[in-house]
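What follows is one structure encoded as structure tokens, with my remarks underneath.
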Amino acid sequence: MARRPRILRYFGYALLFGAVLASAVVLYLDLRVTREFEGRRFALPARIYARALELHAGTRIPQADLEHELRQLAYKEKPASEDPPGWFARREDELEIGLRPFMFWDGAQAPRRVRVLFDSGVVRRVEDADGREVALVRLEPLAIGGIYPAGNEDRELVRLRDVPPELVKALIATEDRKFYSHAGFDLRGILRAAARAVLNLGSERVQGGSTITQQLVKNFFLTPERTVRRKATELVMAVLLEMHYGKEEILETYLNEIYLGQDRDRAIHGVGLAAQFYFGKEARYLNLAESALLVGMLKGPAVYDPRRHAQAALERRNLVLRETRDQGFITPDQYAQARATPLGLSPRPMGTSPHPAFVQLVHRQLRRDYDDADLRTEGLRIFTSLDPRVQGAAEQALAKRLAQFDKERRFGEPGLEGAVVVTDPQSGEVQALVGGRDARYRGYNRALDAARPVGSLLKPAIYLTALAEPSRYTLVTPLDDGPFVWKSRGAPDWQPANYDRKFHGVVPLRMALAQSYNAASARLGTELGVDRVLDTVRRLGVERPLRPFASTLLGAAEMTPLEVAQMYQTIASGGFRTPVRAIREVTTQMGQPLQRYALQVNQAVPPEPIYLLTAALQGVVREGTGQSLRSFITPEVAAAGKTGTTDEQRDAWFAGFTGDRLAVVWIGYDDNRAARLSGAAAALPVWGELMASLAPEPLALPRPDSIETVWIDPQTNLRGDSACAGAVELPFVQGTAPEQRSPCATTAGAVVDAVDQGVKRAKSWLDRLFGR
Amino acid sequence: MKRFLLCLIVAGCAAPSPAPVEEPSKPEAQKPTETVAVAGLMESARADAAAGRLTNAAASLERALRLEPRNPRLWQELARVRLKQGDFTQAENLAARSSTWAGNDSALRAENWRVIAQAREAMGDGRGAQAARDNAERMAR
């Protein structure tokens with residue numbers, strides 16, 4: 001056997017070793033490419049939607065507000081046309097809308113044309129293109145934010161077949177002419193790059209010559225550094241990728257991966273989202289000029305940002321168009337036409353969310369049921385109860401008033417802060433949430449996190465506890481508002497004073513609440529027992545433990561605006577506790593329902609005392625500390641509410657409800673400094689302005705069977721009649737109204753009232769008889 | 001205690017009810033005068049419930065309740081769906097909620113008592129169920 005020279009043998013070993021090593025590396029890279037490319041799911045943020053506006057005969061929405069919402073949805077105003085959906089045409093008292101398709105939680109709604117007819121702020125009729133009545137149709141909901149993966153990467157996946165061919169042509173003409181024929185790399189480009197690298201050894205920097213496949217590999221698997229080694233890895237992986245996957249698949253992934261700009265803190269990835277972000281439309285509706293603009297931006301999304309550098313973007317777009325024409329992908333006519341088109345941008349969206357405070361609430365409620373990682377990557381679709389009109393009204397009312405307060409320095413130095421929560425009293429759904437005067441600020445959320453003393457807002461719980469004992473307490477039971485000292489072991493004497501520093505002697509119960517008298521309320525609360533009152537507070541839905549001190553009753557307790565909303569929610573819904581919630585449904589990215597957050601009601605307090613309490617809270621607005629609401633909403637609304645002011649006037653609150661909305665407003669300083677705030681002067685105007693701008697429905701409670709109304713003479717608090725000056729009709733649990741008649745009650749008046757009663761009864765009897 | 005509360009709300013259940021005297025100043029009982037939109041949703045909810053698609057039925061009813069929150073028939077339908085779903089606590093509470101909006105529609109309130117009776121029966125509260133049935137009888141008379 002001939003022995004080869006030793007040196008050759010070693011060389012052979014080395015070669016073998018090198019080959020094995022290289023194969024191992026390639027194998028490893030191959031494994032990575034296939035596993036990661038296949039297993040790779042784009043991290044898709046959970047997308048959060050506002051409520052979908054329901055359009056039907058009877059929807060209460062002014063035409064201008066609907067137009068505003070359509071514009072927010074990037075619907076274009078133009079003459080009625082067929083394609084593409086996403087337009088509206090305006091006439092007097094009429095809107096014609098080309099609705100986009102949308103995947104709702106309960107199925108898809110196809111694109112359709114509807115005509116919406118208005119009559120003074122109310123939808124009169126909805127009909128289809130042929131004039132047939134449409135019972136109910138939904139407008140797609142506004143996307144109001146997301147829960148984003150690292151780097152706030154946002155994208156909207158598209159299939160290649162939904163990308164217009166013009167876009168692909170422009171892309172290939174500009175970025176990689178030989179895409180359909182090369183094997184992952186472009187030899188000439190590499191040689192050019194290598195030559196440059198050799199000539200520039202010192203910096204070891206390599207650039208250029210990247211195919212689409214290489215760019216994808218770079219974005220997908222590798223770090224952005226530019227070294228020869230990384231370039232080599234990129235090349236090998238690109239070749240491997242081409243071996244395993246087809247051109248279409250690679251192209252589709254590329255189109256979804258690319259970075260196309262920044263929306264404040266949100267990174268725009270993929271042509272699907274870019275089409276929406278820049279043009280307010282789905283990718284498949286992009287025209288040639290728009291496609292070329294996006295392709296042109298690949299070179300530098302910041303430099304060619306069409307909203308910030310319109311001229312540079314336009315020139316770049318036209319360059320792309322020229323290349324596309326020169327490559328023979330488009331005709332000179334198409335080129336000329338596209339070149340003459342303006343940029344055609346839609347209004348700029350608002351970063352990760354225009355309503356970060358509400359999104360924060362949604363995120364917190366979601367985290368009880370979902371893994372945070374899933375929320376950031378699985379593309380879940382979250383349907384919420386946010387009403388953009390209400391949210392807008394709340395943000396505006398708060399910002400406007402705070403700016404005015406700052407200017408006037410009525411309550412102290414500038415820098416007041418505030419928070420607003422608005423809910424639907426029947427369902428407990430949150431319609432709006434404002435966490436501070438700058439509603440776009442994504443930080444401290446006062447509506448959720450600022451636990452502040454609530455002042456008199458807790459008083460209704462005292463009166464509710466009392467009114468639950470109708471044999472002892474009615475709305476006219478005399479209460480003593482004389483000086484009051486509360487002694488308890490281990491605590492300093494507690495001696496509540498009134499807001500006006502006076503005592504008012506004996507006052508009827510309803511007036512003590514209407515005027516928010518502290519001494520009378522403290523006496524009543526301690527008479528009933530602090531524990532019993534706090535039990536009522538818990539029943540109303542306040543879960544935070546409150547200290548069992550007498551001072552808690554007058555509002556030393558700290559609560560957040562959201563917790564206050566929960567408490568008043570139970571009162572507003574007739575004693576049925578309904579958890580305050582922001583989420584309606586969650587579906588997968590493909591629209592598969594995952595979870596519904598169902599309406600839950602739990603009867604927490606009997607309806608009779610709630611009815612009486614509500615009447616007393618209406619008294620607060622009619623004749624008590626809340627009467628300045630008169631300058632915002634008409635008395636017919638009969639709103640119920642309560643002011644709250646805390647020690648040294650540090651906090652101002654107003655909580656209350658109308659027939660269709662409940663709102664809580666807090667105003668104060670973040671550092672909790674002493675000020676000159678009061679609920680009536682600082683928080684009430686925000687509440688009033690907010691409600692007034694939303695055309696509130698009157699508050700009409702269903703009256704429990706065992707409640708009757710009786711005329712009361714306010715001078716004597718005895719039974720009166722309509723002939724008594726200033727007589728009021730008050731509700732009582734049957735048999736608990738004062739028996740004694742006031743001297744003012746005339747026989748004639750009594751007769752009139754009796755006849756009136758008789759007529760009512762007869763009418764009711766007839767109603768029953770005829771089953772009406 | 002809760003039972004007592006429910007009693008209070010739907011009618012005087014312990015007290016032999018006197019000829020109920022209703023006053024027309026009460027919010028008008030909502031007779032079957034749903035808008036086309038709500039009627040459509042109710043219909044699809046009934047179809048879903050009949051076919052056993054209870055989640056969908058509940059979703060349609062909640063959607064309808066957003067349009068007409070004071071419609072006692074919607075609350076009642078939802079109570080019935082919860083009953084079918086085995087959520088007896090909610091069935092009982094929703095039926096009670098329905099009655100608060102039912103005004104002087106005693107047929108509807110009697111029906112709510114029947115739903116409550118079924119819910120209590122299912123929860124093993126025989127006596128409560130009987131009391132509810134008695135109330136239903138009285139209301140229906």
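The values are calculated or read from the model by the stated rules, or taken from the named source; none is laboratory data. Quick caveat: nothing in here was measured; it's all calculated off a predicted structure. Every residue, glycine as well, gets a Cβ built from its backbone with ideal geometry; the counts of neighbours run over all protein chains shown.
Annotations for the structure displayed:
- All conditions but one from (1) more than 7 Å from chain A (Cβ to nearest Cβ); (2) farther than 18 Å from A:Ser706 by Cβ; (3) over 19 Å from the mean Cα position of the chain (by Cα); (4) at pLDDT below 95 apply to B:Arg70; the one that does not is (3).
- Only a single item in (1) facing another protein chain (nearest Cβ under 10 Å); (2) buried (at least 24 other Cβ atoms within 10 Å of the Cβ); (3) under 23 Å from B:Arg138 (Cβ atoms); (4) of a type outside the set (Asp, Glu) is not met by B:Ala119, and it is number (1).
- Qualifying positions in segment B:79-110 - at the interface with another protein chain (Cβ under 9 Å from one of its Cβ atoms) and in contact with a Ser or Thr (Cβ under 8 Å, 6 or more places away or on another chain): B:Asn104
- Note on segment A:211-248: among residues that are at pLDDT 85 or above and assigned to a loop (DSSP other than H, G, I, E, B), the one that is nearest to A:Leu27 (Cα to Cα) is A:Tyr245.
- Among the residues of segment A:31-52, the one identified as in contact with a Leu (Cβ under 6 Å, 6 or more places away or on another chain) and either in the same structural domain as A:Asp154 (by TED's automatic domain parsing) or at pLDDT below 85 (or both) is A:Val33.
- For the criterion of being in contact with a Gly (Cβ under 9 Å, 6 or more places away or on another chain), assigned by TED's automatic domain parsing to the domain that holds A:Ala173, assigned to a strand (DSSP E or B) and farther than 15 Å from A:Leu167 by Cβ, A:Ala302 fails.
- Test result for A:Val126, part of a strand (DSSP E or B), under 19 Å from A:Pro62 (Cα atoms), touching a His at 6+ places or on another chain (Cβ under 8 Å) and modelled with pLDDT of 95 or more: yes
- Test for B:Ala45: is it crowded, with 19+ Cβ neighbours inside 10 Å, part of a helix (DSSP H, G or I), more than 7 Å from chain A (Cβ to nearest Cβ) and modelled with pLDDT of 95 or more: yes
- Filter pass, A:Ala393 being assigned to a helix (DSSP H, G or I), touching a helix residue (DSSP H, G or I) at 6+ places or on another chain (Cβ under 6 Å) and of a type in the set (Gly, Ala, Ser): yes
- Residue in segment A:498-514 that is farther than 22 Å from A:Arg472 by Cβ and of a type in the set (Phe, Trp, Tyr) present: yes
- In segment A:430-482, residue farthest from the chain's Cα centre (by Cα) [restricted to those that are modelled with pLDDT of 95 or more and of a type in the set (Lys, Arg)]: A:Arg472
- Taken across segment A:675-690, residues that are touching a residue at least 60 places away in the same chain (Cβ under 8 Å), over 22 Å from A:Pro388 (Cα atoms), within 14 Å of chain B (Cβ to nearest Cβ) and of a type in the set (A, V, I, L, M, F, W, C) do not occur at all.
- Strands (runs of 3 or more DSSP E) wholly inside segment A:483-584 that include at least 1 residues being modelled with pLDDT of 95 or more: A:505-508
- Taken over segment A:280-299, the residue count meeting the criterion of being part of a helix (DSSP H, G or I) and surrounded by fewer than 22 Cβ atoms within 10 Å (Cβ to Cβ) is 2.
- Residue within segment A:524-546 that is crowded, with 18+ Cβ neighbours inside 10 Å, small (Gly, Ala, Ser) and within 30 Å of A:Gly435 (Cβ to Cβ) present: yes
- Just one of the listed residues (A:Leu594, A:Leu599) is at negative phi and either crowded, with 21+ Cβ neighbours inside 10 Å or of a type in the set (Gly, Ala, Ser) (or both), namely A:Leu599.
- Segment A:90-113 residues that are more than 14 Å from chain B (Cβ to nearest Cβ), paired with ones that are part of a strand (DSSP E or B) and of a type in the set (S, T, N, Q) (beta carbon under 7 Å, 6 or more apart): A:Pro101/A:Gln109; A:Phe102/A:Gln109
- All conditions but one from (1) more than 17 Å from A:Val537 (Cα to Cα); (2) within 14 Å of chain B (Cβ to nearest Cβ); (3) in contact with a Lys or Arg (Cβ under 9 Å, 6 or more places away or on another chain) apply to A:Pro593; the one that does not is (3).
- Flag if A:Leu617 is at negative phi and within 13 Å of chain B (Cβ to nearest Cβ): no
- Test: residue in segment A:333-340 that is modelled with pLDDT of 95 or more, under 24 Å from A:Tyr441 (Cα atoms), touching a Lys or Arg at 6+ places or on another chain (Cβ under 7 Å) and surrounded by 19 or more Cβ atoms within 10 Å (Cβ to Cβ): no
- 1 or more residues closer than 18 Å to A:Leu398 by Cα and aliphatic (A, V, I, L, M): qualifying strands (runs of 3 or more DSSP E) within segment A:616-733: A:651-657, A:662-668
- Single residue of segment A:46-89 satisfying the filter (touching a Ser or Thr at 6+ places or on another chain (Cβ under 9 Å) and within 14 Å of chain B (Cβ to nearest Cβ)) that is surrounded by the fewest Cβ atoms within 10 Å (Cβ to Cβ): A:Gly58
- Residue count for segment A:703-743 satisfying the condition of being among the hydroxyl-bearing types (Ser, Thr, Tyr), under 11 Å from A:Val476 (Cα atoms) and free of Cβ contacts under 8 Å to residues at least 40 places away in the same chain: 1.
- Residue under evaluation A:Arg581, criteria (1) buried (at least 23 other Cβ atoms within 10 Å of the Cβ); (2) more than 10 Å from chain B (Cβ to nearest Cβ); (3) touching a Phe, Trp or Tyr at 6+ places or on another chain (Cβ under 7 Å), criterion not met: (1)
- Apart from one condition, A:Leu599 fits all of (1) away from chain B (no Cβ under 14 Å); (2) touching a Ser or Thr at 6+ places or on another chain (Cβ under 7 Å); (3) in contact (Cβ under 8 Å) with a residue 40 or more places away in the chain; (4) of a type in the set (A, V, I, L, M, F, W, C); the exception is (1).
- One residue from B:Ala107, B:Ala91, B:Ala96 being closer than 30 Å to A:Leu699 by Cα and touching a residue at least 60 places away in the same chain (Cβ under 8 Å): B:Ala96
- Restricted to segment A:305-317, and to residues there that are part of a helix (DSSP H, G or I) and in contact (Cβ under 8 Å) with a residue 24 or more places away in the chain, the residue that is surrounded by the most Cβ atoms within 10 Å (Cβ to Cβ) is A:Arg317.
- Within segment A:668-683, considering residues that are of a type outside the set (Gly, Ala, Ser) and surrounded by fewer than 24 Cβ atoms within 10 Å (Cβ to Cβ), the one farthest from the chain's Cα centre (by Cα): A:Arg676
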